[in-house]
Amino acid sequence: MTATQTRPLQQDPGKAALSERARGERRLGIYLTLPSYAVMLLVTAYPLGYALVLSLYNFRLTDPGGRSFVGLSNYLVILTDPVWWNDFVTTAAITVITVAIELVLGLWFAFVMLRIIRGRGPLRTAILIPYGIVTVVSAFIWRYAFAIDSGFVNQWLNLTGFDWFGDRWSAIFVICLSEIWKTTPFISLLLLAGLVQVPEDMQEAAKVDGATAWQRLWKVTLPNMKAAIMVALLFRTLDAWRIFDNPYVMTAGANNTEPISFLAYRQNVTLVNLGMGSAVSVLLFLTVVAIAWIFIKVFKTDLSQVRGDQ
Amino acid sequence: MNSAKNTKWWTLAGIVIVIYSFFPVLWMISLAFKPPSDIVSRDPQFLPSSFTLDNFAQIFSQPLFTRALINSIGIALIATVISVIIAMFAAYAIARLEFPGKKVLLSLALAIAMFPQAALVGPLFDMWRGLGIYDTWLGLIIPYLTFALPLSIWTMSAFFRQIPWEMEHAAQVDGATQWQAFRKVIVPLAAPGVFTTAILTFFFCWNDFLFAISLTSTDSARTVPAALAFFQGASYFESPVPYIMAASVIVTIPVVILVLIFQRRIVAGLTSGAVKG
C-alpha cells in the first residue's frame, strides 16, 4: 500500500532534481538488495559461465593432464547420440503427462477447497502433507508399493509377478504417479489463489442467465483465472522438466527412463567427465530457457504479478 | 435449492482428497512397522503381520542415519536462517522503497526459481573441490540458501506489502522512540510473514536430494534423503525396505508437525507469494 502511495512523488527518478530523501531511499534500497544479488549471481551465473567454458574442453577429473580445447565437438557428440534424444523424450513425456494431470486434478482440488464448508481446515492440512513430504521419500513409498516383492499393488490388481520397473512405460507411469501425488497440492494452492479472485457476482449473473455449471466453468471461471493458470503451468512445467529424484530412486535410469537432469548428474558426478557433462548442463539450461521463452512469448504468460510490478 | 445436497457432495469430495493425501503415508507407516520377513513373503499385504519397533531401533543404531539426521537438521536450519535474513532485507526494500534495480531483482529471482539445478552440479562439484568445501555443511548450505532465496523473497515481500507501515509513524507521534515503534509495532506485524517464509524455506532445504548426493561423499555432510539411497539390510539376505521406511517416517515427522500447527499460515504463504505478488 505504502509503495503505491509514495510512488507518484518520485515519478522521475532520472531527473537531477532528486530530493535528498529520495536519494537516500535509493541508496538504502540498493544496499538492502545487494546481498541477494550477490548470492544469486555468484552461485548460479558464475558456475554456469564456468560450465560454458568447460564444455569447450575435453576434460576428465581422472585425467587432468589430458585437458584439451575441442570447441563445440562435445555438443556435436551429445546431439548426435541417441542417449540425449532418449532422455529428451523421457523428460518431455514425464513433463507433459504430469503437468496435464496435475492441472486438471489441481483445479478440482482448488474447487473443493473453495466450496467445502465442513472440514475446510482439516482438508487444507491433509493437502499440505504430500507437499511437505520429501520427494525421495515419496519415490520410495511408491516404488515399494509397486515392487514385486514388497508391494501390495500387484496383489490388489491381480498382477502377481508383473515387474512395473522392467519396462520403460510402466516405469514412467509409476514415476509420474509419485510426481503427481507429491506436487498436485502445490499447483492446487496456486490455482486456489487465482480462483478466489474470480468475482462471485459474475458467477451469479451467469447462473441467473441460465448457464449450466459446465458453461460457467468454461466461460466465466477459467477465463478469469487465466493468469493464475498460466503461471502455475509455467512453474510446474519447468519443475517437471528438471525431474531427478523419482527416476533416481525408482529405476536409476534403467530401461530408458533417464531424464536429462540425470544425464547431467551421471556425466559430471559419476563419470567425472566434466567437459562432456558441462555441455549437457548447458544444453539442459538452454532447453529451460526455450520452454520459458515459449510460455512468455507464445502463450503470453503474464509474469508481472509474479515479479510484483502491478 | 439443492445447496444442502451440494454441501454433502463437496464434503464427500473433501474426504476423497484426504484419503488421497494419507493413503501413501499409511503405506509408509505400515512398512516401517513390518518385520523384515514380511517384505520377502510371496504374499505381500498392505498391513504388517505383526507390529515391530525393531526397524526404528536398527536405524538409530546406525551412524549412517544418525549422522545424516544431524546433518539434515543442521544444514536445513542454517540455510533457512541465512536465506530468510538476506531475503528480509530485499523484501523490505521491495515492499517499501523506490530504487533502481527492483524489477531486475525480481526478474532474477524468477530466473533462479526456474533454473535447472542439475546444470550446476558439474561446475559446483569442481569448484567446491578447489575451494575445499566439497563434502562439508557449507558446501550444501550455499546452494540451498541460494535456491531458496526466490521463494523467500516473494513470500516475504507479499507479506510485507500488507503491513500498515503508517502505524510506525503513528506510534512515534504518540511519543514512542523510533526503536520502540519498530520493536513494538513493526516486529509483531512482520513476524508472522517472516516465520511463514522460514517454514517454506525449511521445507525446500529439507527436501533436496540432487545437491546432497552430488556434493557429498561421506557421513560428514550427507543428509537423510541422500543417506536413504545407501541403506542396507541387517544382513545380505535381509531387505532394507523397512529400515528405509522407518527413516522416512522420522524425516516426515517434522513436516507433519509444522503442517498441523501452521496449516493456515503455510497456505497463506504459498498462495500469496507466487501469484498475487
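The values are calculated or read from the model by the stated rules, or taken from the named source; none is laboratory data. Just so you know, these numbers come straight off a predicted model, no measurement behind them. Cβ atoms come from the backbone with ideal geometry, glycine included; neighbour counts cover every protein chain shown.
Candidates are the residues of segment B:165-197 that are crowded, with 23+ Cβ neighbours inside 10 Å and within 14 Å of another protein chain (Cβ to nearest Cβ); the one that is nearest to B:Trp154 (Cα to Cα) is B:Thr197.
Looking at B:Asn71, B:Asn55, just one residue is out of contact with any Ser or Thr (no Cβ under 9 Å at 6 or more places or on another chain), crowded, with 21+ Cβ neighbours inside 10 Å and not aromatic (Phe, Trp, Tyr), and that residue is B:Asn55. Among the residues of segment A:14-58, those identified as part of a helix (DSSP H, G or I) and among the aromatic types (Phe, Trp, Tyr) are A:Tyr31, A:Tyr37, A:Tyr46, A:Tyr50.
Among the numbered conditions (1) in contact (Cβ under 8 Å) with a residue 12 or more places away in the chain; (2) farther than 25 Å from A:Val53 by Cβ; (3) part of a helix (DSSP H, G or I), the only one that B:Gln180 does not meet is (1).
The residue of segment B:101-146 that is nearest to the chain's Cα centre (by Cα), among those that are free of Cβ contacts under 8 Å to residues at least 60 places away in the same chain, closer than 28 Å to B:Thr218 by Cβ and more than 7 Å from chain A (Cβ to nearest Cβ), is B:Leu138.
Results for (1) crowded, with 21+ Cβ neighbours inside 10 Å; (2) more than 8 Å from chain B (Cβ to nearest Cβ), shown as yes or no for each residue.
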position: A:Thr95; (1), (2): yes, yes
position: A:Ala100; (1), (2): no, yes
position: A:Leu105; (1), (2): no, yes
position: A:Phe109; (1), (2): yes, no
position: A:Val112; (1), (2): yes, no
position: A:Gly121; (1), (2): no, no
position: A:Ile133; (1), (2): yes, no
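Residue-level analysis places B:Ile17 outside the set of residues that are more than 9 Å from chain A (Cβ to nearest Cβ), of a type in the set (A, V, I, L, M, F, W, C), surrounded by 13 or more Cβ atoms within 10 Å (Cβ to Cβ) and out of contact with any Lys or Arg (no Cβ under 9 Å at 6 or more places or on another chain).
Yes or no, residue by residue, for (1) part of a helix (DSSP H, G or I); (2) at pLDDT 90 or above:
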| residue | (1), (2) |
| --- | --- |
| B:Trp128 | yes, yes |
| B:Tyr134 | no, yes |
| B:Leu145 | yes, yes |
| B:Leu149 | yes, yes |
| B:Ile153 | yes, yes |
| B:Ser157 | yes, no |
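When we screen B:Leu47, B:Leu69, B:Leu77, B:Leu31 for residues that are farther than 30 Å from B:Leu138 by Cβ, in a helix (DSSP H, G or I) and not aromatic (Phe, Trp, Tyr), the only hit is B:Leu31. Considering segment A:274-293, the residues that are more than 9 Å from every other protein chain (Cβ to nearest Cβ) and farther than 19 Å from B:Ala109 by Cα include one that is modelled with the highest pLDDT, namely A:Ala279. Among the residues that make up segment A:146-155, is at least one of them under 21 Å from B:Met245 (Cβ atoms) and among the hydroxyl-bearing types (Ser, Thr, Tyr)? Looking through segment A:146-155, at least one residue is under 21 Å from B:Met245 (Cβ atoms) and among the hydroxyl-bearing types (Ser, Thr, Tyr). Within segment B:90-100, the set of residues being surrounded by 19 or more Cβ atoms within 10 Å (Cβ to Cβ) and either facing chain A (nearest Cβ under 7 Å) or among the charged types (D, E, K, R) (or both) comprises B:Ala90, B:Tyr92, B:Ala93, B:Ile94, B:Ala95, B:Arg96, B:Leu97, B:Phe99. Filtering segment A:68-87 to residues that are free of Cβ contacts under 8 Å to residues at least 12 places away in the same chain and in a strand (DSSP E or B) leaves only A:Ser68. Summed over segment A:251-287, the residues that are among the β-branched types (Val, Ile, Thr), touching a residue at least 12 places away in the same chain (Cβ under 8 Å) and buried (at least 20 other Cβ atoms within 10 Å of the Cβ) give a count of 5.
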